[in-house]
Every structure is written in C-alpha cells, then in structure tokens.
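Okay, structure first, notes after.
The values are calculated or read from the model by the stated rules, or taken from the named source; none is laboratory data. Keep in mind the model is a prediction, meaning the values are calculated, not measured. Positions of Cβ are generated from backbone atoms using ideal geometry, with glycine treated the same way; all protein chains shown enter the neighbour counts.
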Amino acid sequence: MTDIETLEQETLQSIAAADSEASLEALRLGVLGRQGTITQRLRGMGALDPDERKSVATALNRAKDAISQALRQRRDELEEAALDRQMQAEWLDITLPARPNRTGSVHPVSQTMDEVAAIFADMGFGVAEGPQIETDWHNFDALNIPPDHPARQEHDTFFIRMESDGGSQPNVLRTHTSPVQVRTMQERGAPLYIVAPGRVYRCDYDQTHTPMFHQTEGLAIDRDITMANLKWVLEEFCRAYFEVDAVELRFRASHFPFTEPSAEVDLRCSWQDGQLKVGEGDDWMEIIGCGMVHPRVLEAGRIDPSVYQGFAFGIGIDRLAMLKYGIPDLRAFYESDVRWLRHYSFEPLDIPTLHGGLSR
Ligand code: DAH
C-alpha cells in the first residue's frame, strides 16, 4: 500500500469513529485544511517529475474525494442521531389519561344546581335562563314591585349604568331569578313549566351573605293549577333532594309582591353536633319562598290571568348546598381554597340524575 493509500485508510477509520461534529471538523482541517496533510502534498507536487506527478495527483485527488464524501456522510449520520435523541427526550404521549391530581372538579354549588334541575326535569319542568344584568323593569316593576315599594330598598341592589343606553335606562345586577319568570312567559306563553337556575347579586357580606349567590326559580302556569300542586311539587322535591322519605314541610304565610297568597317553606330538621338531620327533631329551617303567581305578573308576561294561573317558588341554592353537604360558612364557597375544593367538590363525570343517584 502506498503512503497515500495508508493516509486515506487511516483518515476514513477516524471519520467513522468520530462521535461529534467538532471532532469531524478537526479531522477535516488536519487533512484538507490549509495546513492539512493532503493539501500540503498537493502543494509540493511541483517538485516531482512529470510522470510521477501524474500518478501522485490521481492518487491524492482520489483520496481527497473519498475523504470529503466520508466526512459529509458521517456529518449527516451525526445530525440524524442528534435529532433522534431530541425526539426521544421531547416525546409526549398525548393519549395518556390525565393525572388524577390534575383533574378539575365540580363545585358544590354547581352540583346542587344540577341536582335541583335534575329533580324538576323528572317532574316535567324545563330549564330557562335570563341575563344577569337586568332591566329595572324586569327585576322589579314587572314583578309588581313599583318604584316606591319597600322591597326595592330591602334588596340592596347594585345599579349599573351602561355605555350603550347612554346611561338613561337604569339597569341592575338582578337581585333574584324571578325576572326570568316574566321573560319566559313573554317568550313562550302558557302553559309553562320551568326552573331557572342562576347567579343573583345583592350588596351584602357576612357569614351567611355574599354579594353574589345562587337561586333556582320555579314557575308552573296552566289552566287549573292550585296551591295543592305547589305543595306536592315542593314536598317531592325535598324528598328527592335530601334523599330522605320522611321529610316534613311547614308552609308559613308570608308576603312577596309577585305572589298572592305567598308562603315561606320551613323544613323540619335537627342539629346534633353540627350534623344536620332532615325529617326529625324540633328545628325548622327556612328554605323556599313561594306562592300563587300574582295576576299583575301574568299580565306583565302577556298571559291572560282570567284563563291561566300558576305557582312560583324561589330556592336559595347556596343554603341548600350548605345543608346537604354540611358546609358551615357560606364565604368559603367563593374563596377558591384548593384544599376546601378538594374536600367538598364532586367528580366531573358523575352527572346527577334521579335514576343514577344525585350525589355519590
Ligand atoms: N324572589 C324571592 C327572593 O329572592 C324568592 C321568591 C319568593 C321567588 C317567592 C318566588 C316566589 O318565585 O314565589 O327572595
């Protein structure tokens, strides 16, 4: 073997063994760089006689080509290997299930609203909704609460001035879900069986009041609805919601401008060591406001009060959630403490139904 062939063989071996782009570059410079062995040999050829020059030039050029090609090939291999390593390191299996400690959960208020809607759905009520920013008229006037009525003061209303109406028409954050009664009557007419869950707002804050809280409104309008229907529906509701057969309700005469007659519903219960028991004991807990829809409210909803009548009720959802799930302080609902949420919240895929179980 000539010394050129030896040089070529050794260089090719070193190239095959090189494990980084930096060592490849060092090899290239050592052979083909300005001071490289082959470059030097090519430069020194002027000293050779013509015959020898030709054969040496051929051998050197062949070696140079082989080495250049080996360098390119090895560089490609190294680049590919680096890419493979990166793909391995950054590989992500997007088909893996979410980690259990990262799944979201259902807040007890949402759970309670879903349970309430599921119970009434089972009795034939649909779900209706209305806006949280409400007109003065829907929130008060249409519900037989005229401007000078004391109920307006009792409601601690948040007033809203809207850019869009030039600030002329007073809007409010709805103080109850009752305005959904009027909107739905106007939209759908009678007969009508709906519940309207949602957020409501009053300017109030202590252990049992937060400025935002939740209600579910109920409304049944038909030709022959009586207070007896109301009583049965609410008893059925409490039995299903508290998951106790022996519930006892007390209908206490009360006053709401939008119902006549009106009643407040108290639930028989007992508190023992901070533990609530429904259907026994000597305590009564107020949970629902209700009554027969006032004729003026039917008129505001464009329903003829000489043909139709109905009942309505309003349930305080936060109160109901506290009772069923033994939550002592209302304010904790809205503090977003993850430890509290982990303790009191529900699995997102356990949707409450009467047949599948309300709360598990
Ligand atoms: N809107 C009442 C409140 O927020 C609750 C209420 C009472 C709703 C009687 C009704 C009803 O539909 O008939 O305090």
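Please identify the pairs in which a residue from the stretch 125-143 that is among the hydrophobic types (A, V, I, L, M, F, W, C) has its Cβ atom under 8 Å from the Cβ atom of a residue that is surrounded by 22 or more Cβ atoms within 10 Å (Cβ to Cβ) and assigned to a loop (DSSP other than H, G, I, E, B), counting only partners at least 6 apart or on another chain.
As it stands, the answer is Ile133/Arg174; Ala142/Gly301; Leu143/Ser178; Leu143/Phe258, since those pairs meet every condition given.
Can you confirm whether the stretch 187-202 contains a residue that is part of a helix (DSSP H, G or I), of a type in the set (Gly, Ala, Ser) and over 16 Å from Ile315 (Cα atoms)?
So far as the stretch 187-202 goes, no, none of its residues is part of a helix (DSSP H, G or I), of a type in the set (Gly, Ala, Ser) and over 16 Å from Ile315 (Cα atoms).
For the stretch 175-207, which residues satisfy the criterion of being within 22 Å of His107 (Cα to Cα) and away from the ligand (no atom under 14 Å from the Cβ)?
Scanning the stretch 175-207 gives Tyr205, Asp206, Gln207.
Name the single residue, out of those in the stretch 209-236 being β-branched (Val, Ile, Thr) and within 25 Å of Asp114 (Cβ to Cβ), that is surrounded by the fewest Cβ atoms within 10 Å (Cβ to Cβ).
Thr210
Could you give me the residue pairs with C-beta distances under 7 Å whose first residue belongs to the stretch 1-26 and is without any contact (Cβ under 8 Å) to a residue 12 or more places away in the chain, whose second residue is among the hydroxyl-bearing types (Ser, Thr, Tyr) and surrounded by 11 or more Cβ atoms within 10 Å (Cβ to Cβ) wherever it lies, and which are 6+ apart or on separate chains?
none
Residues in the stretch 115-130: is at least one more than 16 Å from the ligand (Cβ to nearest atom), of a type in the set (Phe, Trp, Tyr) and in a loop (DSSP other than H, G, I, E, B)?
No, the stretch 115-130 contains no residue that is more than 16 Å from the ligand (Cβ to nearest atom), of a type in the set (Phe, Trp, Tyr) and in a loop (DSSP other than H, G, I, E, B).
Can you tell me how many residues within the stretch 321-338 are under 22 Å from the mean Cα position of the chain (by Cα), touching a residue at least 60 places away in the same chain (Cβ under 8 Å) and either more than 16 Å from the ligand (Cβ to nearest atom) or closer than 15 Å to Asp114 by Cα (or both)?
5
Of everything in the stretch 244-253, what is surrounded by 14 or more Cβ atoms within 10 Å (Cβ to Cβ) and over 11 Å from Ile288 (Cα atoms)? Give them in sequence order.
Result: Val244, Val247, Glu248.
Would you mind telling me which numbered condition in (1) over 28 Å from the mean Cα position of the chain (by Cα); (2) under 20 Å from Arg183 (Cβ atoms) Ser306 fails?
(2)
Determine, yes or no, whether Leu341 is within 15 Å of the ligand (Cβ to nearest atom), in a helix (DSSP H, G or I), aliphatic (A, V, I, L, M) and touching a residue at least 40 places away in the same chain (Cβ under 8 Å).
Spelling it out, it is not the case that Leu341 is within 15 Å of the ligand (Cβ to nearest atom), in a helix (DSSP H, G or I), aliphatic (A, V, I, L, M) and touching a residue at least 40 places away in the same chain (Cβ under 8 Å).
Could you list, in sequence order, all residues of the stretch 255-312 that are charged (D, E, K, R), part of a strand (DSSP E or B) and more than 16 Å from the ligand (Cβ to nearest atom)?
Residues satisfying the conditions are Arg268, Lys277, Asp283.
Only residues that are out of contact with any Phe, Trp or Tyr (no Cβ under 6 Å at 6 or more places or on another chain) and either at pLDDT below 85 or among the β-branched types (Val, Ile, Thr) (or both): list them for the stretch 94-108, please.
Ile94, Thr95, Leu96, Pro97, Ala98, Arg99, Pro100, Asn101, Arg102, Thr103, Gly104
For residues in the stretch 83-97 being acidic (Asp, Glu) and surrounded by fewer than 10 Cβ atoms within 10 Å (Cβ to Cβ), which is farthest from Ser20 (Cα to Cα)?
Asp93
I'd like to know if the stretch 51-58 contains one or more residues that are loosely packed, with under 10 Cβ neighbours inside 10 Å and closer than 30 Å to Glu10 by Cβ.
Yes, some residue in the stretch 51-58 is loosely packed, with under 10 Cβ neighbours inside 10 Å and closer than 30 Å to Glu10 by Cβ.
Can you name the condition, by its number, that Met322 falls short on among (1) out of contact with any Ser or Thr (no Cβ under 7 Å at 6 or more places or on another chain); (2) more than 23 Å from Ser359 (Cα to Cα)?
(2)
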